[in-house]
Amino acid sequence: AKEQGRNNWQLYERTLTTRTTARLVLEGDIRKALERGEFRLFYQPQVRANDGAVIGIEALIRWQHPQRGLVFPGQFIPVAEESGLIVPMGEWVLNAACSQVREWQRSGVMVPRVAVNVSARQLGTPDFLDTVAAIIAATGVAADLVELELTESILMDPEAKRIKGLFRLRAMGVHFSIDDFGTGYSSLSYIKRFPIGTLKIDQSFVRGLPQNADDAGITTAIIAMARSLDLGVIAEGVESREQLDFLQRAQCPKLQGYLFSRPVPPDEMEALLRRGRIV
Ligand code: C2E
Ligand code: CA
Ligand code: CA
Ligand code: CA
């Protein structure tokens, strides 16, 4: 038993070392990729439930890796978060999204609000407010066209200074939404302490629609809650006609998901924006 214990330990240690090394290599690769400009933004439309008009777009990061091809955020965001690289990466994302909006506008495209994901770590940096304000000023985008998607965990730790910063951005015109809503533990009293405009119903609930009674109940409750709090609400991860039917009956005003479009590169999004709606 003693011998086996040692073998297990050696195995554990070896796995741990391999993991740590892989992580460090990835961290270095992300750093280089930021310098070399290998990240890209894809965009996914958000549509009005009753007519399919594109009323918003969400920017989602991709890594155009020279060897591995297109790498999805699940493969690098966790390491970026842990290493702190999410901070410069997040700045790059916001700047790229705002610049893209201006570029589209200059070529005569009507651009709706663009939603950008902000990680808790990024929001926690002391100069978050200044950075966002500086990017908006430098790109010349209307602040009203910028929406920052925060996660519920951010609401759990409401540092007074941070709340003030969010209200300052809101006063400039910037919008805020809560991503993956329903998966955390935020209470209504928390939500009301922040300048939140929209709740995004997490796709894990939408996935179970319409059969799963719990998911149906939660979805209906979030829509009702949003309405009574005078908040916007959007359902994410809509993939099927049945889910669409349920959400339309439940009077969910905005929808996002593969049923309408996958996240697409900028040129495809431009073509979609020129059409204005998804049929
Ligand atoms: P998220 O913010 O919840 O984004 C929604 C994810 O669901 C995206 O995955 C999107 O492609 C995917 N999705 C959209 N519609 C459907 C659908 O109908 N069905 C299914 N199954 N999935 C759908 P993606 O692009 O791989 O991003 C994953 C996560 O990575 C995001 O989840 C977000 O948490 C994070 N992320 C992406 N871009 C950024 C970024 O620029 N900054 C930060 N901090 N995080 C980001
Ligand atoms: Ca999001
Ligand atoms: Ca989400
Ligand atoms: Ca998510």
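The values are calculated or read from the model by the stated rules, or taken from the named source; none is laboratory data. From a predicted model like this one, the values you see are computed outputs, not experimental measurements. All Cβ positions, even for glycine, are placed from backbone atoms using ideal geometry, and neighbour counts span all protein chains on display.
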| query | How about the stretch 193-217: which of its residues are within 14 Å of Glu152 (Cβ to Cβ) and either more than 16 Å from ligand 4 (Cβ to nearest atom) or at pLDDT below 90 (or both)? | reply | Arg193, Phe194, Ile196
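Tell me which residues, restricted to the stretch 158-208, are of a type in the set (S, T, N, Q) and part of a loop (DSSP other than H, G, I, E, B). Walk me through how you get there before you give the answer.
Going residue by residue through the stretch 158-208, those that are of a type in the set (S, T, N, Q) are 177, 183, 186-187, 189, 198, 203-204.
Selection gives Thr183, Ser186, Ser187.
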| said: Out of everything in the stretch 111-129 that is in contact (Cβ under 8 Å) with a residue 12 or more places away in the chain and part of a loop (DSSP other than H, G, I, E, B), what residue ends up being surrounded by the fewest Cβ atoms within 10 Å (Cβ to Cβ)? | reply: Gly124
| said: When you scan the stretch 180-189, do you find a residue that is at pLDDT 95 or above and within 16 Å of ligand 4 (Cβ to nearest atom), even just one? | reply: no
| query | Among the residues of the stretch 30-37, is there at least one that is modelled with pLDDT under 95 and not aromatic (Phe, Trp, Tyr)? | reply | no
| note | Given (1) part of a loop (DSSP other than H, G, I, E, B); (2) out of contact with any Ser or Thr (no Cβ under 7 Å at 6 or more places or on another chain), Met269 misses just (1)
| Is at least one residue of the stretch 213-228 within 16 Å of ligand 3 (Cβ to nearest atom), in a helix (DSSP H, G or I) and among the charged types (D, E, K, R)? | yes
| message | Can you tell me how many residues within the stretch 156-175 are among the hydrophobic types (A, V, I, L, M, F, W, C) and surrounded by fewer than 20 Cβ atoms within 10 Å (Cβ to Cβ)? | response | 6
| note | Ala134 fails exactly one of (1) surrounded by fewer than 19 Cβ atoms within 10 Å (Cβ to Cβ); (2) modelled with pLDDT under 95; (3) over 30 Å from Glu242 (Cβ atoms), namely (2)
| Do you know which residues across the stretch 204-220 are over 21 Å from the mean Cα position of the chain (by Cα) and under 10 Å from Ala250 (Cβ atoms)? | Leu209, Pro210, Ala216, Thr220
| message | For a quick check of your reading: which strands (runs of 3 or more DSSP E) sit entirely within the stretch 31-110 and have at least 3 residues that are under 15 Å from the mean Cα position of the chain (by Cα) and more than 16 Å from ligand 4 (Cβ to nearest atom)? | response | 39-48
